Amino acid sequence: MAEPRARRLFVALEPPEPVRRRIAQLQAELRRAAGRAADDVRWVDPANVHLTLQFLGAVPVERVAGIVDALRAAALGAQPLTLGMKGAGGFPNARRPRVVWLGLTGDLAALAALAEDVGRRLSPLGFAPEDRPFSPHLTLGRARDGRGAPGLAGALAAAAEVDGTPWRAAELVLFESYLSPAGARYEAAARLPLGG
């Protein structure tokens with residue numbers, strides 16, 4: 001079998017298992033509260049939930065080492081972060097969300113600085129930083145209809161104050177995404193400790 005010429009990559013922080021269990025609980029609560037409207041959302045498997053810092057897309061294999069070097073430098077310039085979950089909502093809004101998310105609390109200024117540094121270091125390699133402001137969140141699901149899932153508004157309003165297990169984010173992760181009819185699967189291509 002031929003070696004792939006491109007790898008689908010993104011940069012993220014990975015919540016630990018206790019946080020994933022809490023995410024699964026919160027998803028279940030949202031789904032119960034939404035009733036039949038929960039079927040309007042493709043829910044993310046809690047094992048796949050992550051905090052995206054930058055999506056890179058299809059990357060030629062020969063460019064991966066340079067990306068890892070850039071991410072290593074960004075990780076060395078940062079320190080581990082204490083993060084927690086707070087509130088649920090939707091993008092672009094909770095009335096007709098296309099993305100259902102959990103918000104974050106904790107070291108958000110340091111998190112935003114890390115995301116900015118990652119973007120700055122990857123930019124010379126041809127990866128443009130996000131053009132919209134960094135909005136830290138964990139994606140729980142995406143509407144099946146591009147116009148959004150209006151039936152979730154009440155459930156999201158009820159979950160606006162939920163909170164979850166805090167965690168210590170201690171490494172930057174370069175993930176590779178594998179797409180299949182069964183859904184996406186993510187594997188760590190590189191793990192880079194924050195602060196060395």
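None of the figures in this text is laboratory data; all of them are computed from the coordinates on show. Not measured: the values here are computed from a predicted model. So basically every Cβ, Gly included, is an ideal-geometry build from the backbone, and we count neighbours across all protein chains shown.
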When the C-alpha atoms of the chain are aligned to their principal axes, what extent does each axis show, in angstrom, from largest down? 47, 40, 30
Label-point separation (nm) for ARG21 and GLU171, each offset 7 Å from Cα along Cα-to-Cβ? 2.1 nm
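Which of the GluC sites (Glu not before Pro) found in region 133-177 are loop residues per DSSP with 11 or fewer other Cβ atoms within 10 Å of their Cβ?
Working: sites: GLU161, GLU171, GLU176; in loops: GLU161.
Counting only loop positions with at most 11 other Cβ atoms within 10 Å, the GluC sites (Glu not before Pro) in region 133-177 are GLU161.
List the trypsin sites (Lys or Arg not before Pro) within region 78-180 that fall in a DSSP loop (any state other than H, G, I, E or B) and whose Cβ has at most 15 other Cβ atoms within 10 Å. It would help to have the intermediate numbers written out before the result.
Numbers: sites: LYS86, ARG95, ARG98, ARG120, ARG121, ARG142, ARG144, ARG147, ARG168; in loops: ARG95, ARG98, ARG144, ARG147.
Those that pass, being in a loop and sparsely packed, are ARG95, ARG144, ARG147.
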Could you tell me how many degrees, from 0 to 90 and to the nearest 10, lie between the Cα long axis of helix 17-34 and the main elongation axis, the longest principal axis, of the Cα atoms of the chain? 30 degrees
Cα-based equivalent ellipsoid, region 1-50: semi-axes from gyration tensor eigenvalues, Å: 30, 16, 8
In what sequence do VAL41, VAL100, VAL173 fall when counting other Cβ within 10 Å, fewest first? VAL173, VAL41, VAL100
How many angstrom lie between the C-alpha centres of region 94-116 and region 164-196? 16 Å
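Relative contact order (percent) for region 1-124, with alpha-carbon contacts under 8 angstrom and 6 or more residues of separation? Please list the in-between numbers first.
Numbers: 122 pairs, mean separation 32.8, N = 124.
Averaging sequence separation for qualifying contacts and normalising by length gives 26 percent for region 1-124.
Please sort by residue number the GluC sites (Glu not before Pro) in region 38-144 whose DSSP state is loop and whose Cβ has at most 16 other Cβ atoms within 10 Å.
Numbers: sites: GLU62, GLU116, GLU130; in loops: GLU130.
When the GluC sites (Glu not before Pro) of region 38-144 are filtered for loop state and at most 16 Cβ neighbours within 10 Å, GLU130 remain.
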Using only the Cα atoms of region 1-95, what are the Rg and Dmax in Å? 17.5, 48
Assuming 1.306 mPa s and 10 °C, estimate D for region 99-196 with Stokes-Einstein, Rh taken as the Kirkwood radius over Cα pairs, in µm²/s. 96 µm²/s
